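Data first, discussion second: the structure below is written as structure tokens.
The values are calculated or read from the model by the stated rules, or taken from the named source; none is laboratory data. Since the model is a prediction, treat every value here as computed from it, not as a measurement. All Cβ positions, glycine included, derive from the backbone under ideal geometry; neighbour counts span all protein chains shown.
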Amino acid sequence: MAIENENLFRQELIRKYRTVFEPIFRYIPWLIQKQGARTSYLYQGDDVPLRSVPVPVYDGTLLGFVKDMQATGLMSRNYVYVYSRCGIRTKQDELAYIAKAELKDIEDILGIMAKYVLGGMTKGKLWSEAVENGVFLQALLKIKELLEVWDKPLA
């Protein structure tokens, strides 16, 4: 009976995340293409005065990705707790944590993504940084892998 309940809970969790992430997985090829590349720049047109505030210009696909991630409702402002609880301090720690994550850690992966998605609202360079350093790509690939691997009934 316990195995059946665990199986039902796992299947429901997978169904929930698959529904949310299926449309977002379409960004994976773009993230692969853009990893290591700049996805924003500071506008410096000829008509801009020298002492004006620089205006960042973002890749349209990046803005679409951020908007879609925000729309999932899974970007928690408590991402700082994830970093503290999991001992994540550097970008290498983020990527290492994502690489070893299991299905039970999916909320932590979302916490790592939330740092960039939500933090980018006030510190715009975070969005581009997460594309360049591969955090968004690795997180989506891991979520996709976990959903595919665990979407099998227990024996």
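In this structure, is ALA130 modelled with pLDDT of 95 or more, of a type in the set (A, V, I, L, M), out of contact with any strand residue (DSSP E or B) (no Cβ under 8 Å at 6 or more places or on another chain) and surrounded by fewer than 17 Cβ atoms within 10 Å (Cβ to Cβ)? It would help to see each step written out before you state the result.
Details: modelled with pLDDT of 95 or more: yes; of a type in the set (A, V, I, L, M): yes; out of contact with any strand residue (DSSP E or B) (no Cβ under 8 Å at 6 or more places or on another chain): yes; surrounded by fewer than 17 Cβ atoms within 10 Å (Cβ to Cβ): no.
No.
Only one of ALA101, ALA114, ALA139, ALA96 is modelled with pLDDT of 95 or more, surrounded by fewer than 17 Cβ atoms within 10 Å (Cβ to Cβ) and either of a type outside the set (S, T, N, Q) or under 16 Å from ASP59 (Cα atoms) (or both). Can you tell me which?
Answer to the check: ALA96.
With closer than 23 Å to ILE28 by Cβ, touching a residue at least 60 places away in the same chain (Cβ under 8 Å) and not aromatic (Phe, Trp, Tyr) as the only criterion, which of LEU103, LEU110, LEU74 stands out? It would help to see each step written out before you state the result.
Working: LEU110 fails: touching a residue at least 60 places away in the same chain (Cβ under 8 Å); LEU74 fails: touching a residue at least 60 places away in the same chain (Cβ under 8 Å).
Result of the check over LEU103, LEU110, LEU74: LEU103.
Would you point out the residue of the range 65-90, among those that are part of a helix (DSSP H, G or I) and under 13 Å from the mean Cα position of the chain (by Cα), that is surrounded by the fewest Cβ atoms within 10 Å (Cβ to Cβ)?
So the residue we want is LYS67.
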